[in-house]
Structure formats: C-alpha cells, structure tokens
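Peer 1: Attaching a single structure in structure tokens format; questions to follow.
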Amino acid sequence: MSALLALGLIAAISTSTTYLPVAQEPGQRLALHCVAPAHANGQSVLFVHGASFPTMLAFGFEFAPGDSWMDFMARQGFLACGLDFLGFGASSRPAAMAGAAEGAAPVTRAPEAAREIATAIDYLQRERGMGHVHLVAHSWGTIPAAAYAAAHPDALASLTLFGPVVPKPGEQAEHVHVAWWTITAEARYRQLQFTGVLPPELSLLEPAVAQRWAARFDASVPHIEGDKAGDLRIPAGPAADIDAVAAGGNYPYNAASIKVPVFVVYGDYDTVTNDAGAAAFLAKFSASALKWRMRIDHGTHVLHLEHNRRSLYQSVDAFIRAANTAQP
C-alpha cells in the first residue's frame, strides 16, 4: 500500500460506536461499531463475532490505518457495523460475569444473542434507514445469526456463515456448567497460530496480529481483582452452544425455515468446519433461494486475520451482490 493510499484511507474511514439499550436486560447496553461509507448504497452489513473475542479484534481489527474487513465493506458502499454481544468488547458485562463461575448459568447463550442481533438490526432499520441488512457471522456467532434469520424470515437480505459450527461425529459432550471461563490474551494469540494443524513451513497470520492483537485483546476485557494475573473472563454461553452442536447436532433453530440467500465459507485448515460438514450443514437450508459454499485454501478458522483475508472479503462481497440480484 502506498503512503498516499494509506493517507486516503485514514481520511475516508473512521469508526463510531453507538450504545443500544437491551430491553430484556435493564441497565445493560450493546456496543455497535459502525464505519460509514463515503458513497452510500443504502444497505448495511452487520458482522457478529465468535465465542472468545469481540468485533474490534475481528472484523474491525485494523492491519493498517483504514484496513479492516469493516473498512473494506464501507468502501463498497455499505454501512459496515459490528456488534459486541453482552459480555464482550465494549458491551456491558452481565452481573454473573462478576461473581463466581460455578453455580451460575452460562452467560450469553445463542437465544439471548439472537435477541441482541434483533436489537441491532432494529436500530439499523429504524434509526439508520437501512432497508437491506446483510448479516455476516463467524464461528459460534453463526448459531445466533441463523436463529435470528429463522425467527425473522423477512428481515434480512442475506446470511453469510463463516466457519460455522457443524456436528463432529464421535465428539464427546463436555456439558458446560459455569458462567464464564478464563484465558490470557497471549494464550489466545498462540491458539490463532494453529500450530500442529498447519504444516510447519506454513504461517498464515498477518504480521499486525503478532504485533498488536494480544495487547488489544487484553485491553478489551476488564481485569477482576483476585483473578490470576492476565486472566480474562469470557462468557461461557458460546462454549455451551458449541458443545450442543458439535456433540449432538442440536441447533436452536430450524434451518429449513430460513428463506434468505445463504453463504457458507471456510478455510481448508478450519478445525470447526470441513467439506463434508459444510455440505451437510448447507443442505439443511432447503428453503433458501440461493445457496453458495466456498472453501478458501490456505486458511484456518481465523481466516479473517490471515494473509488470504482479502479473498474472504471479496467472496462475501460477491455473494452479497449476487443476493441483491436474486431479490424479487
């Protein structure tokens, strides 16, 4: 990227955050991060994150000034927004996150998260005038995203499921019974490297992830007095949902009731989704008028943080445009 181009991106792209009240959780609020397009097309893309890290460490993570997935979609003319679920990022922490992990229900299960998606989409439609909202979800986020699409059949223009959670034959259920779990930012960064999954000669993470990601993840989560140094409390609801799907194929929605165009996309080294699992998963969306499935080689479950991320961006943009064309 040339210096002039970089300066142009800085001038054109900026992120604003709106805080939305949660009707079913008085006193709690959701953080919705948005990048406004320079030349608006009247449509919005809403990103929803996975089980452990929030929007600004995922779709909003800047590899250089003005260079994130949200920035890319804004340059295509979309109002690009990313939602932090309760317990993540800039959103409120439910009371259970401050107490003992044991003896409380897992925080932020998929049905609750689907209602939070509904709050964000209602805001985009009513307050921002977005007649077409395209929902893009990653990993665990695909579960509440599809649950929202099933419950609101006419609300979305398309549904992209990136690295969706699919059943794994022979997987043993773990039965999550805690409100939250912990990990250090450095440990989560090491997991992103997928050592032992990738060939030894293959390193996929972008350099900016090695340089800045762990520190920003650490700063995104409140540190609780008395916790082990560096431990970050993460809601356990997503882990409970993933366990229910991976071990038993139990989704909190009926895929056959989803009518909008659906795109399943994943990397060839994804440890959550594979070809057979993705094909069987997509087949369940029998009422969808348009279905795409794509595997991007040299990509893991965090392809959006890797060298081939722009192939992911461009593929999702192409699908959204095809979905727009397919609208009656």
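The values are calculated or read from the model by the stated rules, or taken from the named source; none is laboratory data. Everything numeric here is computed off the predicted structure, so don't read it as measured data. As a convention, Cβ positions derive from the backbone with ideal geometry for all residues, glycine included, and neighbour counts pool all protein chains shown.
Peer 1: Restricting to region 117-143, name every residue that is in contact with a Ser or Thr (Cβ under 8 Å, 6 or more places away or on another chain) and either closer than 27 Å to Ile224 by Cα or among the hydrophobic types (A, V, I, L, M, F, W, C) (or both).
Peer 2: Leu124, Met130, Val133, Leu135, Val136, Ala137
Peer 1: Please specify each residue of region 148-168 satisfying the condition of being surrounded by 23 or more Cβ atoms within 10 Å (Cβ to Cβ) and part of a helix (DSSP H, G or I).
Peer 2: Residues satisfying the conditions are Tyr148, Ala149.
Peer 1: Does any residue of region 244-267 turn out to be small (Gly, Ala, Ser), under 26 Å from Phe61 (Cα atoms) and crowded, with 20+ Cβ neighbours inside 10 Å? First the steps, then the outcome.
Peer 2: Keep residues of region 244-267 that are small (Gly, Ala, Ser), which gives 244, 246-249, 255-257, 267.
If we keep only those that are under 26 Å from Phe61 (Cα atoms) as well, we get 267.
Now narrow it down to the ones that are crowded, with 20+ Cβ neighbours inside 10 Å: 267.
For region 244-267, residues small (Gly, Ala, Ser), under 26 Å from Phe61 (Cα atoms) and crowded, with 20+ Cβ neighbours inside 10 Å: present.
Peer 1: If you go through region 204-214 one residue at a time, do you hit one that is of a type in the set (Val, Ile, Thr), assigned to a strand (DSSP E or B), touching a residue at least 40 places away in the same chain (Cβ under 8 Å) and surrounded by 12 or more Cβ atoms within 10 Å (Cβ to Cβ)? Give the steps one after another, and end with the answer.
Peer 2: In the first step, residues of region 204-214 are kept if they are of a type in the set (Val, Ile, Thr); the result is 209.
When the remaining residues are screened for being assigned to a strand (DSSP E or B), the result is none.
Checked against the condition, which is being of a type in the set (Val, Ile, Thr), assigned to a strand (DSSP E or B), touching a residue at least 40 places away in the same chain (Cβ under 8 Å) and surrounded by 12 or more Cβ atoms within 10 Å (Cβ to Cβ), region 204-214 yields no hits at all.
Peer 1: To continue, here is another question. Can you name every residue in region 307-328 that is more than 16 Å from Phe63 (Cβ to Cβ) and aromatic (Phe, Trp, Tyr)?
Peer 2: Phe319, the sole residue that qualifies.
Peer 1: Take the conditions under 13 Å from Val166 (Cα atoms) and surrounded by 13 or more Cβ atoms within 10 Å (Cβ to Cβ) and apply them to Tyr313. Does it pass?
Peer 2: No: the conditions fail for Tyr313.
Peer 1: Taking region 92-130, which residues are among the hydrophobic types (A, V, I, L, M, F, W, C), surrounded by fewer than 22 Cβ atoms within 10 Å (Cβ to Cβ) and outside any helix (DSSP H, G or I)?
Peer 2: Result: Ala98, Ala100, Ala101, Ala104, Ala105.
Peer 1: Do you know which residues across region 179-203 are in contact with a helix residue (DSSP H, G or I) (Cβ under 8 Å, 6 or more places away or on another chain), closer than 21 Å to His298 by Cβ and of a type outside the set (Phe, Trp, Tyr)?
Peer 2: Matches in region 179-203: Leu192 only.
Peer 1: Residues to consider are Glu225, Glu171; find the one that is charged (D, E, K, R), under 24 Å from Arg93 (Cβ atoms) and not in a strand (DSSP E or B).
Peer 2: Going through Glu225, Glu171 in turn, just one is charged (D, E, K, R), under 24 Å from Arg93 (Cβ atoms) and not in a strand (DSSP E or B): Glu225.
Peer 1: With respect to Ile224, determine if the residue is under 27 Å from Phe63 (Cα atoms) and touching a residue at least 60 places away in the same chain (Cβ under 8 Å).
Peer 2: Numbers: under 27 Å from Phe63 (Cα atoms): no; touching a residue at least 60 places away in the same chain (Cβ under 8 Å): yes.
Considered against the rule, which asks whether it is under 27 Å from Phe63 (Cα atoms) and touching a residue at least 60 places away in the same chain (Cβ under 8 Å), Ile224 comes out as no.
Peer 1: So which residues in region 169-218 are under 18 Å from Ala51 (Cβ atoms) and hydroxyl-bearing (Ser, Thr, Tyr), if there are any at all?
Peer 2: Thr182, Thr184, Tyr189 - these are the residues of region 169-218 that are under 18 Å from Ala51 (Cβ atoms) and hydroxyl-bearing (Ser, Thr, Tyr).
Peer 1: Only one of these conditions is not met by Gly230: (1) modelled with pLDDT of 95 or more; (2) out of contact with any strand residue (DSSP E or B) (no Cβ under 8 Å at 6 or more places or on another chain). Which number is it?
Peer 2: It is condition (2) that Gly230 fails.
Peer 1: Pick from region 288-310 the residues that are of a type in the set (A, V, I, L, M, F, W, C) and under 18 Å from the mean Cα position of the chain (by Cα): which of them is surrounded by the fewest Cβ atoms within 10 Å (Cβ to Cβ)? Walk me through it before giving the result.
Peer 2: Just the residues of region 288-310 that are of a type in the set (A, V, I, L, M, F, W, C), to begin with: 289-290, 292, 294, 296, 302-303, 305.
This time we only want the ones that are under 18 Å from the mean Cα position of the chain (by Cα), so: 294, 296, 302-303, 305.
Values: Met294: 15, Ile296: 18, Val302: 23, Leu303: 24, Leu305: 22.
The selected residue is Met294.
Peer 1: Here is a follow-up. Show the residue pairs meeting these rules: Cβ distance below 7 Å; 6+ apart or different chains; first residue within region 189-200 and on the phi > 0 side of the Ramachandran plot; second residue part of a loop (DSSP other than H, G, I, E, B).
Peer 2: Correct list of pairs: Phe194/Tyr269; Phe194/Thr300.
Peer 1: A further question follows. Might you check whether a residue that is within 22 Å of Val107 (Cα to Cα) and of a type in the set (Ser, Thr, Tyr) occurs anywhere in region 238-258? Full working, then the answer.
Peer 2: In the first step, residues of region 238-258 are kept if they are within 22 Å of Val107 (Cα to Cα); the result is 238-253.
Right, trim to of a type in the set (Ser, Thr, Tyr) and you get 251, 253.
The answer is yes; a qualifying residue exists.
Peer 1: Report, by residue number, each residue of region 131-147 that is in contact (Cβ under 8 Å) with a residue 60 or more places away in the chain and in a helix (DSSP H, G or I).
Peer 2: First, pick out the residues of region 131-147 that are in contact (Cβ under 8 Å) with a residue 60 or more places away in the chain: 131-141, 143-147.
Across region 131-147, the qualifying residues are Ser139, Trp140, Gly141, Ile143, Pro144, Ala145, Ala146, Ala147.
Peer 1: Moving on to the next point. Out of region 222-239, which residues are under 18 Å from the mean Cα position of the chain (by Cα) and surrounded by 22 or more Cβ atoms within 10 Å (Cβ to Cβ)?
Peer 2: Within region 222-239, Ile234, Pro235, Ala236, Gly237, Pro238 meet the criteria.
Peer 1: How many residues are more than 13 Å from Ile234 (Cα to Cα) and either out of contact with any Phe, Trp or Tyr (no Cβ under 9 Å at 6 or more places or on another chain) or polar (S, T, N, Q) (or both) when one looks only at region 81-94?
Peer 2: Total satisfying the criteria: 0.
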